[in-house]
Amino acid sequence: MRLYSTGSSPDRTDFRTAVKRGLAPDGGLFLPERLPQPAPSFWSEMKGTCIKDKAHRVFDLLLEDDFSSEQRHEIVERAFTFDAPLVTLDDRTRILELFHGPTLAFKDFGARTMAAILSVLAAEQGEKITIVTATSGDTGAAVAHGFHKAPGVEVFILYPGGQVSPLQEKQFTTLGDNITALEVEGTFDDCQRLVKACFSDESIRSQKQLTTANSINIARLLPQMIYYIHAVVEIQPAGRELLPILCSVPSGNFGNLTAGLLARNMGLPVSRFVAATNINHVVPDYLEDGSFQSKPSIRTISNAMDVGNPSNFDRMLDMYDHDHKKMAGDIKGAWFDDEKTGRAIRDVWQRHRYLMDPHTAVGYLGYLEHRTPEDHGLILATAHPAKFPETINKLVPGALDTPDKLTRLAGKEKKSLPVPADIRAVKERLLGS
């Protein structure tokens, strides 16, 4: 796979190099120069297979030139160890549960795949790889667990102090070993800025083989394409006219939605997307009027989406050649405050006895706002509701069933290093390891 940068450089690079770099040298984000366009039978022949089998077929298609068949097999087998079940709410509405991995969030798919890829590369090259990533919640947990004790890899996770749920925080601050959590005195946007500053700092890059594990890295997006493919292939009827599928995506940094667009660009039959956000609604604003203005992030109960300057929006703009009308034709924006989000959680529990987390609730509301009588809805459930016990117990008392893997976190000791939102302090932590 050849990739280009959303920045100004005309250079192209291979997938392996793009994964190791994370960011392009010009500061842009990597995107595939072209995607394969398989025949319709490629999709229909996968119907009825498990998500791992679909991942094998798609990775063989996308990464044939980048990894041997044995390496591709190893990557998929290590990453896709859990399912993504479809739950039916009614005859036109399905929820894709992406929270059955080790940290109960959709980001397990991308983090585990990237860990497998980097472990293959580290073993080949015999060098240490340093991951620096920012998190507003679930990314940190998924990355920490995906890379914990991975040979040849050290991880630094930057997160905004006091702005991550206690359970999310413990998921990535209690492991130790090769995982270091840096608690930043600032917002998630500060954390993203500091990660980018690390990659721009030549003195850091000269001493560390840096890459990043959040959705800036293209290795995160490819496995996220798989679950869109898995769900849509199973929803579409075999041998009959295709259904119009409206896919509603809870969105913060917009990597998840970008992955869906990539799958659609390969020919996956999705009609439209909804970019569903909380009150940090800079992208819905753009979709409405064509003007993008980043803003300081505002805290909400759907904290993983508290992003005022989403990195992957640059990828989306590039994929649509900065054509607002064209993007707005494929993607509808919607945003909701905490009150509406909470009401949706209660509503769906009362009507369907289905419990949503705050992020999934935002996706559900986005679907309701933009569905037509013809649409078949696919709502991405991005996190288990038990990751937000304070919110869920207040809204729906007695409904929450907490998995053992979260209950066990209560007695674990948090291990994090406080740092100001200053590149010099972060640099000191990185180079002091």
Using just the C-alpha positions of region 47-104 as equal point scatterers, what log10 of I(q)/I(0) does the Debye formula give at each q in 0.26 1/Å?
-> -1.04
Where q = 0.14, 0.18 Å⁻¹, what log10 of I(q)/I(0) comes from the Debye formula for region 149-243, counting one point per Cα?
-> -0.71, -0.98
Taking a quarter of the surface of the Cα convex hull of region 182-315, what do you get in nm²?
-> 10.3 nm²
Bins of 5 Å from zero: percent of alpha-carbon pairs in region 27-71 | 5, 16, 25, 21, 18, 10, 3, 2, 0
According to the Kirkwood expression over distinct Cα-Cα pairs, how big is the hydrodynamic radius of region 11-122, in Å?
-> 16.0 Å
If you put +1 on each Lys and Arg Cβ and -1 on each Asp and Glu Cβ, how big is the dipole of the chain around its Cα centre, in Debye rounded to 20?
-> 520 debye
Along principal axes, Cα extents of region 324-406, largest first, whole Å | 46, 25, 22
Considering the options PRO358, ILE392, LEU431, tell which one lies farthest towards the positive end of the dipole of region 336-433, charges being +1 on Lys and Arg and -1 on Asp and Glu at the Cβ, about the Cα centre.
-> LEU431
Once you've got the Cα coordinates, tell me which of LYS47/LYS325; LYS149/LYS405; LYS295/LYS325 are over 30 Å apart.
-> LYS47/LYS325
Just report the Cα centroid separation between region 164-216 and region 76-96, whole Å.
-> 30 Å
Residues LEU175, LEU431, sorted so that the one with the fewest Cβ neighbours within 10 Å comes first | LEU431, LEU175
Counting other Cβ atoms within 10 Å, which trypsin sites (Lys or Arg not before Pro) in region 311-370 have at most 13 and lie in a DSSP loop?
-> ARG353
Where does each of MET319, MET225 land when they are ranked from fewest to most other beta-carbon atoms within 10 angstrom?
-> MET319, MET225
Can you put GLU339, GLU369 in order of Cβ neighbours within 10 angstrom, beginning with the fewest?
-> GLU339, GLU369
Using +1 at the Cβ of each Lys and Arg and -1 at the Cβ of each Asp and Glu in the chain, identify which of TYR159, SER44, SER416 lies farthest towards the dipole's positive end.
-> SER416
Report the residue, chosen from THR180, THR300, THR341, that carries the largest GNM mean-square fluctuation when the chain is represented by alpha-carbon nodes joined by springs under 10 Å.
-> THR300
Taking +1 at the Cβ of each Lys and Arg and -1 at the Cβ of each Asp and Glu, which of ALA238, VAL132, LEU31 sits farthest along the dipole of the chain towards its positive end, judged by Cα position relative to the Cα centre?
-> VAL132
Output the antiparallel fraction of DSSP beta bridges having both residues in the chain, as a percent to the nearest 5.
-> 25 percent
Student exercise, region 51-96 dipole from Lys, Arg, Asp, Glu Cβ charges, in Debye to nearest 20 | 240 debye
Ratio of region 233-384's C-alpha Rg to 2.2 N^0.38 Å, to two decimals?
-> 1.02
Magnitude of the charge dipole, region 280-433, Cβ model with Lys/Arg +1 and Asp/Glu -1, debye to 20 = 800 debye
With all distinct Cα pairs included, what does the Kirkwood hydrodynamic radius of the chain come out to in Å, to one decimal, could you say?
-> 21.6 Å
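All of the numbers you see were taken from the coordinates with simple rules; none came from a lab. None of these values were measured; they are calculated from a predicted model. Every residue, glycine among them, receives a Cβ derived from its backbone with ideal geometry; neighbour counts consider all protein chains shown.
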